[in-house]
Amino acid sequence: MDTYFKHESAYVDDNCQIGSGTKIWHFSHIMSNCVIGENCNIGQNVVISPEVRLGHNVKIQNNVSVYTGVICEDDVFLGPSMVFTNVINPRSAVSRKNEYRPTIIHRGASIGANATLVCGNEIGAYALVGAGSVVTKPVKPYALMVGNPAKQIGWVSAYGEKLKFDTNGDAVCPVTGEHYRLDDGKVMSINK
């Protein structure tokens, strides 16, 4: 017996591993050999291509296609109609299935609605990519990215709040009180 929910209009192909508590909604298609963790939410009209890997508690909003080569770690959020690619120079008449470039979305990162991620890049843990942004290069952990092409305009906490660093490179999340340190262009969570 399945321990996940699948709407009657959704399809799940053979050889998929789907974790307990996951929900797959209307008109979505999970293709062969996918691994989907526990407590994920796959919105309406989502396509997950063969061999995609999703961690636990991944939220995919409506109208997203997650292509082969994409890996999402735990707690990733993919906003409505955001776009992945998996080939740099696609041509209809040229098969480039052996040229797929991996895209890795690290733990806790969020991708806003209608954002586009060019393949071959990593999105760092807890990064926040704003709606409509076009990511063409790797994104640092905790980075706040906006625009086309996406540029870093600041840092966010794991909770998604903007961080304000003092002259010593210290910041506190205004909601959770968690402490962060900015050192040599990198942010890390610290316990005080």
Filter result (in contact with a Phe, Trp or Tyr (Cβ under 9 Å, 6 or more places away or on another chain), surrounded by 13 or more Cβ atoms within 10 Å (Cβ to Cβ) and in a loop (DSSP other than H, G, I, E, B)) within the range 10-20:
A10, G19
Read through the list (1) within 25 Å of V46 (Cα to Cα); (2) surrounded by fewer than 17 Cβ atoms within 10 Å (Cβ to Cβ); (3) out of contact with any Ser or Thr (no Cβ under 8 Å at 6 or more places or on another chain); (4) at pLDDT 95 or above, then give the number of the only condition that G160 fails.
(3)
Six or more apart or on different chains, Cβ atoms under 9 Å: show the pairs whose first residue is in the range 139-162 and over 15 Å from L182 (Cα atoms) and whose second is of a type in the set (F, W, Y) and not in a strand (DSSP E or B).
Y159/Y126; G160/Y126
Would you mention how many residues in the range 152-192 are part of a strand (DSSP E or B), touching a strand residue (DSSP E or B) at 6+ places or on another chain (Cβ under 7 Å) and not aliphatic (A, V, I, L, M)?
9
Count, please, the residues in the range 145-155 that happen to be of a type in the set (A, V, I, L, M) and surrounded by 21 or more Cβ atoms within 10 Å (Cβ to Cβ).
2
Among residues of the range 44-56, those that are in a loop (DSSP other than H, G, I, E, B) and either in contact (Cβ under 8 Å) with a residue 60 or more places away in the chain or surrounded by fewer than 20 Cβ atoms within 10 Å (Cβ to Cβ) (or both), counted
5
Restricting attention to the range 153-183, which residues are of a type in the set (S, T, Y) and farther than 20 Å from R107 by Cα?
T167
P102 vs (1) surrounded by fewer than 17 Cβ atoms within 10 Å (Cβ to Cβ); (2) more than 16 Å from V66 (Cα to Cα): all pass except (2)
Tell me, yes or no, whether the range 57-73 has at least one residue that is touching a His at 6+ places or on another chain (Cβ under 7 Å), in a loop (DSSP other than H, G, I, E, B) and on the phi < 0 side of the Ramachandran plot.
yes
Mind counting the residues in the range 77-120 that are in a loop (DSSP other than H, G, I, E, B) and aromatic (F, W, Y)?
1
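The values are calculated or read from the model by the stated rules, or taken from the named source; none is laboratory data. From a predicted model like this one, the values you see are computed outputs, not experimental measurements. In this analysis, Cβ positions are derived from the backbone assuming ideal geometry, glycine residues included, and neighbour counts consider all displayed protein chains.
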